[in-house]
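The block underneath contains the structure these notes are about, expressed in structure tokens.
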Amino acid sequence: MTAKTPSFSIGPRGWVLLSLLASAVWASVTLDLDVRRLVPTEGGWSVAAEFLARAVSPALTYEAAVVPAGTQPLLVKATEAARMTLAIAAAAMSLALVAGGTLGLCASTFWWRGTVRGVRRRFPFVVAYAGLRILIAVMRSVHELFWAVLLLAVFGLGNLTAVVAIAIPYTGVLAKVFSELIDEAPRDAGDALDGLGASRFQAFIFGVLPRALPDMGAYAFYRFECALRSSAILGFFGFPTLGYYVTASFENLHYGEVWSYLYVLFVLIALVDWWSGQLRRRLVA
Amino acid sequence: MSANPFRDARVTDDRETLIRRLWQDRPRSRFVHWSGGLLLALVVHGWMLGGVNLSDVLSPQRWQNVERFLTELRPFPLQGRAWDWSVAGQWTLELLREKAWPAAVTTLAISVLAIVLATLGALLLVLSAARTIADAEPYLPGPRPPGLIRRLGSGGVVAGTRALLTFFRAVPEYIWAFLLVAMLGPTAWPAVLALALHNTGVLGKLGADVVENLETPALEALRGVGGSRLQIAGVGILPAIVPRMLLFVFYRWETCIREATVLGMLGIVSLGYWIEDARSRNHYDEMFFLILVGALIVLLGDVLSEIARRVMRTQQ
Amino acid sequence: MTATFQLRRVTVSYPDIRALAAVDLQVDPGEAVAIVGPSGAGKTTLLRLLNGSARPTSGTVAVGGERLSEMSPRRLREARASIGFVHQDLRLVPNLRVLQNVTAGQLGRLSTLGAVRALVWPPRDAVRQVHEMERVGIPEKLFASTDRLSGGQRQRVAVARALFQQPVALLPDEPVSSVDPARARDLVQLLVEISAERGLTLCVSLHNLELARDYFPRVVGLRHGRIAFDRPPSTLAQGEIDALFRLETAGDRA
């Protein structure tokens, strides 16, 4: 009698893991990455060394030899840049919440699946639903920098361009996530309201939506944090946010200033992150 | 109690007083109310003091720009002429072959490598970022209560790692890439490392939360039989968090692709590079087409990621 | 609408199981009936037939003399608004305040706009809601967040919501299955008292025959989807009671 060897099966998760690792190998081959390139060139070394060294000593005043008269102190300018970053992010999120919330509600399957019967009558809903999802998908797959590129060509360098450039993809993301959260919310309370004579819409608003609202709020706040980052990098295109000053200082080789701006961004995001955690503790049961 | 209490005015009055008192004493969170107010203030501040000029949109000059821009989106060989599918097809194929396809592949490769590296980085840091295992006494008390120094030390390790992860996360990928290009030159490495660095921060924090929320009985048992931190981690913790982490990994991969498309604008040869190139030459038709291609691969990644997540969920 | 319930030869079949078979039941206005039986007997299905949440595979269900299957959607809504069904799992909205959950009982009679106003703006003059809360014994919890209440308190909120509907009938589904015996008695007594005071038809499903015997003048025994008996509890023989609750044998699946 032979002993049975224990069989080893790779479950679905295992396969996913393996394919992930295999793609990583493929990727490194395709990119033709040379590990030696990880070591900076001559010039790169000096930049790297000097830059990294300044990490522990960020500038508190300007590093330029000559500072034009009447310029605000560095820290004031940094705070002002942070304020603009925050302002643009807040304005963009307000747009994205309104538009994304509306689209998200419309894009949930709650409305028509289950109520409207018959292929003929469902058809317009299905078409509208599909169209909406495509619109949302297009909105969210184009990066805000690319939206900015498109909008700059048309609307110029006003801050409104930055706000809209962030608002469009964020509307798409919020719409998608909100619609998913609504579809996944527990329906038990909604069913009970249905059973006591509420209309479908009422059962939704008072039974289903409140169940999804805490998660929707948490995600929206997370998106606000991301909006801060998006707002910061729009500075690379010339908008008056932190990214602009990072590039300006870096190109002038004022590495200390660069770290100052980076730390300001870090503090801004850490604060919002902490705020988000506090709210979540109090609101999500 | 009377049969119809509503006819009894005194009872109603009592009830109204009761309601008022209960309303005043109701449990409410000061913090939440102040937060709501602050958020509203930030929004108002953004629109009013954020340098946003709404009249910009309304000037007739702008709408002329829009019209002009829209006409420039037509493929170059077709501008000013009637639409011809074969010419359009030719133009598309050439763009695809020369620029779009190789750049798209590069972009995807960058995103994949970056997310895998980020996962490795996150797994390394997760153990020192999770309070449960980085503590002076992970999971079970030791023979003696830990001294002040040990407690400060482990607290410091957790705080320090978490701060580091937050810093990685706070700096946008674009800025990391910008800095790395300056140091390493415009190869693919800055893009990969920038994405990996940022996402180590993201995945590290998510992973640390998962570790902290793990159910402890099995881990306590491992500690009880004398396991060291590393042993507990290898046998108990990592296998337990891998499923959740994989879900996060795929969720972040979508974002990675999106970011990878724009990193090209810094000089790395991904889609962003050709987009910036087209923009600087005012070839808006090419630029628009390439942006669409970028959107397409993001959507592709979205679909693949969704499939992977569904496949993994079936195992649960 | 008068609170008469009438089930005639009702069968409810699902693909893999038959929940009720050839059930005949008549409940008159103001009656207090206890439906008893072991778990899986079909008690919940029976109750759900009475407010139209479940549809019979064959047979008719009539409420107030009208057949449910012949009602227009609007009439059905009106009928449901007049029937206070209390679910076994309560089905309250946890992150709303108690007042909002209770106010939701009137949704069947409010326009959407009125409903939005009533729910988003917890009314200062919520006199009727307070009245119901007092009746179930927890008026001080009016503005509490529903998820911070204990299980028993939430149970009472669910009852208050049903009462706020100003129904003609009360249908609590297994209201005491996860409660300790003392509290179970308390709650059943409350339900019976309220129904008597307001002339509501009361139809409760219980798995505890003792409780049914002590508080209800009429007990309907259900086993495997069939009515085993439908009589005043004093007339029940011990043998019948045992037969109702005994464990399954092969011959039961007929």
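Each reported figure results from applying straightforward, stated rules to the coordinates on display, with no laboratory input. All values derive from a computational prediction rather than experimental measurement. Cβ: placed from backbone, ideal geometry, glycine included. Neighbour counts: every protein chain shown.
Can you tell me what share of the DSSP beta bridges in the protein assembly as shown is antiparallel? A percent to the nearest 5 is fine. Can you show the working numbers first?
Working: 20 of 36 bridges.
Close to 55 percent.
Distance between Cα centroids, segment B:244-316 to segment A:210-285: provide it in whole Å.
First find each Cα centre; the distance between them is then 22 Å.
So what is log10(I(q)/I(0)) for segment B:166-232 at q = 0.20 1/Å, when the Debye sum runs over its Cα atoms only?
Listed by q, the Debye log ratios stand at -0.77.
Just C:Pro73, C:Pro172, C:Pro233 to compare: in a GNM of chain C, with alpha carbon springs under 10 Å, which one fluctuates most?
Comparing C:Pro73, C:Pro172, C:Pro233 in the GNM, the peak value goes to C:Pro73.
Considering every residue in B:99-110, what mean count of other chain Cβ atoms within 10 Å of its Cβ is obtained?
Details: counts 0, 0, 0, 1, 0, 0, 3, 4, 0, 4, 10, 4.
So the per-residue partner count for this stretch is 2.
Just tell me how shielded A:197-210 is by partners: mean number of partner chain Cβ atoms within 10 Å of each residue's Cβ, no decimals.
Numbers: counts 17, 12, 8, 0, 2, 9, 2, 0, 6, 12, 6, 1, 1, 7.
That works out to 6 on average.
With both bridge residues required to lie in chain C, what share of the DSSP beta bridges run antiparallel, to the nearest 5%? Don't skip to the end; give the middle numbers.
Numbers: 20 of 36 bridges.
In chain C, approximately 55 percent of DSSP beta bridges are antiparallel ones.
Mind checking which lysines have their C-alpha under 28 Å from A:Lys176, skipping anything on the same chain fewer than 8 residues away?
In chain and number order, the partners are B:Lys205.
Give the average over all directions of the projected area of the C-alpha convex hull of the protein assembly as shown, one decimal, in nm².
Details: hull surface 206.2 nm².
For the protein assembly as shown, averaging the hull's shadow over all directions gives 51.5 nm².
Ratio of alpha-carbon Rg to the 2.2 N^0.38 Å globular estimate for segment C:1-143, to two decimals, please. Don't jump to the answer; show the numbers that get you there.
Values: Rg = 17.6 Å, N = 143, 2.2 N^0.38 = 14.5 Å.
For segment C:1-143, the normalised Cα radius of gyration is 1.22.
What number comes out for the charge environment of C:Leu76, summing +1 per Lys or Arg and -1 per Asp or Glu over other residues with Cβ under 12 Å away? Don't skip to the end; give the middle numbers.
Working: positive: C:Arg55, C:Arg67, C:Arg74, C:Arg75, C:Arg77, C:Arg80; negative: A:Asp194, C:Glu66, C:Glu70, C:Glu78.
Within the 12 Å Cβ shell, the charges total +2.
What's the local net charge at C:Leu202, with K and R +1, D and E -1, over the other residues with C-beta under 12 Å away?
Details: positive: C:Arg198, C:Arg218; negative: C:Asp28, C:Glu31, C:Glu193, C:Glu197.
Taking every other residue near C:Leu202 into account, the sum is -2.
Quick one: which residues, 5+ away or cross-chain, put their amide H under 5 Å from the amide H of C:Thr57? H built at 1.01 Å from N.
C:Thr11, C:Val12, C:Ser13
Among the trypsin sites (Lys or Arg not before Pro) within segment B:53-158, which fall in a DSSP loop and have no more than 10 other Cβ atoms within 10 Å of their own Cβ?
On the way: sites: B:Arg62, B:Arg68, B:Arg81, B:Arg97, B:Lys99, B:Arg131, B:Arg150, B:Arg151; in loops: B:Arg81.
Of the trypsin sites (Lys or Arg not before Pro), the ones in loops of segment B:53-158 whose Cβ has at most 10 other Cβ atoms within 10 Å are B:Arg81.
Averaging over all projection directions, find the projected area of the Cα convex hull of segment C:40-101 and quote it in nm² with one decimal place. Walk me through the numbers on the way to the answer.
Values: hull surface 22.7 nm².
Average of the hull's projected areas for segment C:40-101 equals 5.7 nm².
Per 10 Å bin, what percent of the C-alpha pairs of segment B:85-315 does each bin hold, from zero upward?
8, 27, 27, 19, 11, 6, 2, 0, 0
Using θ = phi - 60° and the Karplus relation 6.51 cos²θ - 1.76 cosθ + 1.60, list the HN-Hα couplings for segment A:48-64 in order, rounded to whole Hz, with x at every Gly or Pro.
4, 4, 4, 5, 5, 5, 6, 4, 8, 9, x, 6, 10, 9, 5, 9, 5
What order, most packed first, do the peptides B:102-114, B:171-183 have when packing is the mean number of other Cβ atoms within 10 Å of each residue?
Working: B:102-114: 25.4, B:171-183: 23.5.
For the peptides B:102-114, B:171-183, the packing ranking is B:102-114, B:171-183.
Which lysines have a Cα less than 25 Å from the Cα of A:Lys77, not counting those fewer than 8 places away in the same chain?
Excluding near neighbours in sequence, the set is empty.
Using a Gaussian network for chain A with springs between C-alpha atoms less than 10 Å apart, which of these wobbles most: A:Ala107, A:Ala162, A:Ala49?
In this elastic network of chain A, the residue with the biggest mean-square fluctuation among A:Ala107, A:Ala162, A:Ala49 is A:Ala49.
Whole Å is fine, so just give me how far the alpha carbon centre of segment B:196-238 lies from that of segment C:101-123.
48
In 5 Å bins starting at 0, how do the alpha-carbon pair distances of chain C split up by percent?
With a bin width of 5 Å, the distribution comes to 1, 6, 13, 17, 19, 16, 13, 8, 5, 2, 1, 0.
Between beta-carbons, use under 10 Å as the cut-off and find the net charge around B:Gly264, counting Lys and Arg +1, Asp and Glu -1. Provide the component values of the computation, followed by the final result.
Numbers: positive: none; negative: B:Glu276, B:Asp277.
Overall, the nearby charge balance is -2.
Mean-square fluctuation check for chain B, GNM, Cα pairs under 10 Å: which of B:Ser86, B:Ser59, B:Ser128 is largest?
Greatest mean-square fluctuation among the candidates belongs to B:Ser59.
Taking the Cα centre of segment B:85-315 as the origin and placing charges on Cβ (Lys, Arg +1; Asp, Glu -1), which of B:Phe248, B:Thr132, B:Gly201 is farthest toward the positive end of the dipole?
B:Thr132
Restricting things to alpha carbons, find the Rg to Rh ratio for chain A using the Kirkwood radius for Rh. Intermediate results must be reported in sequence, preceding the final value.
On the way: Rg = 25.6 Å, Rh = 23.2 Å.
Radius of gyration relative to Kirkwood radius: 1.10.
One-quarter of the Cα convex hull surface for segment C:89-166, in nm²?
On the way: hull surface 18.6 nm².
Approximately 4.7 nm², given one-decimal rounding.
Between segment C:200-249 and segment A:124-172, what is the separation of their alpha carbon centroids in Å?
64
With θ set to phi - 60° and the Karplus curve 6.51 cos²θ - 1.76 cosθ + 1.60, what are the ³J(HN,Hα) couplings of segment B:176-186 in order, to the nearest whole Hz, using x for Gly and Pro?
Per-residue couplings from phi come out as 4, 5, 4, 5, 6, 4, 4, 8, 10, x, x Hz.
For C:106-112, what's the mean count of beta carbons from other chains sitting within 10 Å of each residue's beta carbon? Write out the running numbers ahead of the final one.
Working: counts 3, 11, 8, 3, 4, 2, 5.
Taking the mean over all residues of the peptide, I get 5.
Normalized C-alpha radius of gyration of segment C:147-254, against 2.2 N^0.38 Å? Intermediate results must be reported in sequence, preceding the final value.
Working: Rg = 15.6 Å, N = 108, 2.2 N^0.38 = 13.0 Å.
After normalising by residue count via 2.2 N^0.38 Å, the value is 1.20.
Could you give the alpha-carbon Rg of segment B:81-136 over 2.2 N^0.38 Å, rounded to two decimals? Write out the running numbers ahead of the final one.
Values: Rg = 22.9 Å, N = 56, 2.2 N^0.38 = 10.2 Å.
That works out to 2.25 for segment B:81-136.
Lysines near C:Lys141 by alpha-carbon distance under 21 Å, same-chain residues fewer than 8 away left out - which ones?
List returned: none.
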